[in-house]
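Enquirer: There's a structure below that I have some questions on.
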């Protein structure tokens, strides 16, 4: 007993040391716990609450609650709040209420209202329209609740806005309050409850404000925050009307990662109309336009704006030499000009000689190339020798010499060993045979016009893909020579996608166009064939803008998989009226209605009835326009 008491009497110095050790251990544990807590990493440096706002770090903020609604709310009423160009946090709290409780309360409320109306009538007072409307609304809700058509909820809506200063906070506050007030939706700052307001709008599901309003299922459905999508820019051209919110779709395609676009639609859905309208409006902003027209649809528009219309046919005097070299002055481009053109010519000549053919070998369908490796090697040597005979080598100083033609290549192949003579015979129809002249003579066009249309309608089916390939190469050389903002429109691109070499060339242009400030628009109505091609899918993937108009039923499934459409979008895609479709720009997409003025419609329409009205001067309602009054009318309505 004596020894135990003696040990309990420790020296004061020792006690102090032990106390300090315990405190250090507690501090160490607190420190370790602090650095591993996630909330300490995301917490602001400070929070200061005032009665009308709070300061979080260096930012000022204010929380609002919505307390008043109109008698009816419509689908998209929250669109201005969702799409406002300000930083805000939005919270919605929805509490279901038992229908039996609501029915009992409504019965009492209707009894009170009817009694009040009867008392007013007995006293000779003027009828109160508000009470009459309240009775009608209550009776309507009672009927729907009774049959299970509607349910009842308590709905709380809060939002917190942020700004860099108090003056900016006041400006944004006034802007948001006015925006909601225009729809008779009234909001107030959570005075002296800013801390509770902040806790109610951060994502922790804590309704500390508890300011709620009764809503039925119909009214509550209109508050869904994602019914609206906005796609508009401060600069660009008007593409149409946003059918989600009746806003304007104003956009600059060159502001995306690249300026490429693809347009898919069935015949008569308005694809050419939409593309021509885009081209017409882009010209007003200084964009130059190249168009490959396989069906003579762009002539009237071209004539109206003073463009150059180039007809390519065996009987025309127009000549385009595929051996032409771009007149580039950039060092790297100049050094590679001949080599790039040789690669392009390889693809062209394979196309001229029949392209790759699908053959049945050993029970399997195999793609057999137009040239075997030996023929490819001989052709390459012949091309280099043909340019050398014209005095053109890899030295950029020699590129000013007159280029050779296919006729010169024919002579080189004819007099060389190996497979040269056989290759020459396969080219003879382009030098002295049926297709001679159009692509076997020096070029006689040098176009300097903001709009150039190459018409290939009058060419034979076999020659048309060759012509489109050569025209693409001509445009590409001009683009590299003089780099300006340009658009290249390839209509009926499926004709190029049928052949591997022409498809590869189109994809190569789409992949490199951004570097030269060129945007390529690819139009097709044969979706299955286009998307069934490896190069076709690659072209779509390399386009930052896509436009899907009305599709055939078979094409809907293909496009739905590629563009990850929702079930509703998939259903609408085959039912869109003329001029309506889905407009994709980068990561955003909207339901759009193309709209044109009567003057624009007269220049670009191909509708026979409208063209007749244009000729008689009777056109007054353009194709692709909409009734703005109908578009601005409300959608789904619900009583609050």
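Enquirer: Looking at 158, 239 in this structure, which one is surrounded by 20 or more Cβ atoms within 10 Å (Cβ to Cβ), at pLDDT 80 or above, in the same structural domain as residue 81 (by TED's automatic domain parsing) and not in a helix (DSSP H, G or I)?
Expert: 158
Enquirer: Same structure, new question: Among the residues of segment 375-387, is there at least one that is in contact with a helix residue (DSSP H, G or I) (Cβ under 7 Å, 6 or more places away or on another chain) and at pLDDT below 85?
Expert: Checking segment 375-387: not a single residue is in contact with a helix residue (DSSP H, G or I) (Cβ under 7 Å, 6 or more places away or on another chain) and at pLDDT below 85.
Okay, residues lined up against (1) modelled with pLDDT of 85 or more; (2) within 30 Å of residue 191 (Cβ to Cβ); (3) in contact with a strand residue (DSSP E or B) (Cβ under 9 Å, 6 or more places away or on another chain):
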| position | (1), (2), (3) |
| --- | --- |
| 3 | no, no, no |
| 26 | no, no, no |
| 29 | no, no, no |
| 44 | no, yes, yes |
| 47 | yes, yes, yes |
| 56 | yes, yes, yes |
| 61 | yes, yes, yes |
| 65 | yes, yes, yes |
| 70 | yes, yes, no |
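Enquirer: Can you confirm whether segment 400-409 contains a residue that is within 44 Å of the chain's Cα centre (by Cα) and at pLDDT below 85?
Expert: yes
Enquirer: Only one of 519, 536, 602 is at pLDDT 80 or above and not in a helix (DSSP H, G or I); which?
Expert: Just a single option satisfies the conditions, and that option is 519.
Enquirer: Looking at residue 150, is it touching a residue at least 40 places away in the same chain (Cβ under 8 Å) and either touching a helix residue (DSSP H, G or I) at 6+ places or on another chain (Cβ under 8 Å) or over 17 Å from residue 68 (Cα atoms) (or both)?
Expert: So residue 150 fits the description; yes.
Enquirer: Does residue 102 satisfy the condition of being assigned to a helix (DSSP H, G or I), in contact with a helix residue (DSSP H, G or I) (Cβ under 8 Å, 6 or more places away or on another chain) and either within 24 Å of residue 223 (Cα to Cα) or modelled with pLDDT of 85 or more (or both)?
Expert: Answer is yes for this residue.
Enquirer: Does residue 276 satisfy the criteria of being modelled with pLDDT of 80 or more, surrounded by 19 or more Cβ atoms within 10 Å (Cβ to Cβ) and either in contact with a strand residue (DSSP E or B) (Cβ under 6 Å, 6 or more places away or on another chain) or over 15 Å from residue 523 (Cβ atoms) (or both)?
Expert: No: the conditions fail for residue 276.
Enquirer: State yes or no: is residue 597 free of Cβ contacts under 8 Å to residues at least 40 places away in the same chain and not assigned by TED's automatic domain parsing to the domain that holds residue 493?
Expert: Yes: the conditions hold for residue 597.
Enquirer: Now for a different question. Of the conditions (1) crowded, with 21+ Cβ neighbours inside 10 Å; (2) outside any helix (DSSP H, G or I); (3) under 26 Å from the mean Cα position of the chain (by Cα), residue 483 clears all except one; give me its number.
Expert: Every condition holds for residue 483 apart from (1).
Enquirer: Can you tell me which residues in segment 278-289 are outside any loop (DSSP other than H, G, I, E, B) and more than 15 Å from residue 583 (Cα to Cα)?
Expert: 279, 280, 281, 282, 283, 288, 289
Enquirer: Related question: Given the residues 131, 175, which is the only one that is farther than 21 Å from residue 212 by Cβ, touching a residue at least 40 places away in the same chain (Cβ under 8 Å) and surrounded by fewer than 16 Cβ atoms within 10 Å (Cβ to Cβ)?
Expert: The conditions single out 175.
Enquirer: Given the condition part of a strand (DSSP E or B), surrounded by fewer than 16 Cβ atoms within 10 Å (Cβ to Cβ) and in contact (Cβ under 8 Å) with a residue 60 or more places away in the chain, answer yes or no: does some residue in segment 252-264 qualify?
Expert: no
Enquirer: Check segment 547-565 and report whether any residue there is within 29 Å of residue 605 (Cα to Cα) and in a strand (DSSP E or B).
Expert: yes
Enquirer: Let me ask something additional. Given the residues 170, 195, which is the only one that is outside any loop (DSSP other than H, G, I, E, B) and over 19 Å from residue 91 (Cβ atoms)?
Expert: 170
Enquirer: Can you list residue pairs whose Cβ atoms sit under 7 Å apart, with the first residue in segment 92-119 being at negative phi and the second being modelled with pLDDT of 80 or more and in a helix (DSSP H, G or I)? Count only pairs 6 or more apart in sequence or on different chains.
Expert: From segment 92-119, the pairs are 94/220.
Enquirer: Moving on to the next point. On the given criteria, is residue 96 part of a loop (DSSP other than H, G, I, E, B) and either at pLDDT 80 or above or surrounded by 10 or more Cβ atoms within 10 Å (Cβ to Cβ) (or both)?
Expert: No, not satisfied.
Enquirer: Any chance segment 120-130 includes a residue that's part of a loop (DSSP other than H, G, I, E, B) and either closer than 29 Å to residue 195 by Cα or at pLDDT 80 or above (or both)?
Expert: no
Enquirer: Which is in a helix (DSSP H, G or I) and either farther than 22 Å from residue 592 by Cβ or outside the structural domain of residue 585 (by TED's automatic domain parsing) (or both), of 528, 568?
Expert: 528 is the lone residue from the list that is in a helix (DSSP H, G or I) and either farther than 22 Å from residue 592 by Cβ or outside the structural domain of residue 585 (by TED's automatic domain parsing) (or both).
Enquirer: If you don't mind, another one. Determine which member of the set 97, 84 is under 37 Å from the mean Cα position of the chain (by Cα) and assigned by TED's automatic domain parsing to the domain that holds residue 194.
Expert: Matching residue, one of 97, 84: 84.
The values are calculated or read from the model by the stated rules, or taken from the named source; none is laboratory data. Note that the structure is predicted; figures quoted are calculated from it, not measured. Ideal geometry is used to build each Cβ from the backbone, glycine not excepted, and the neighbour counts take in all protein chains shown.
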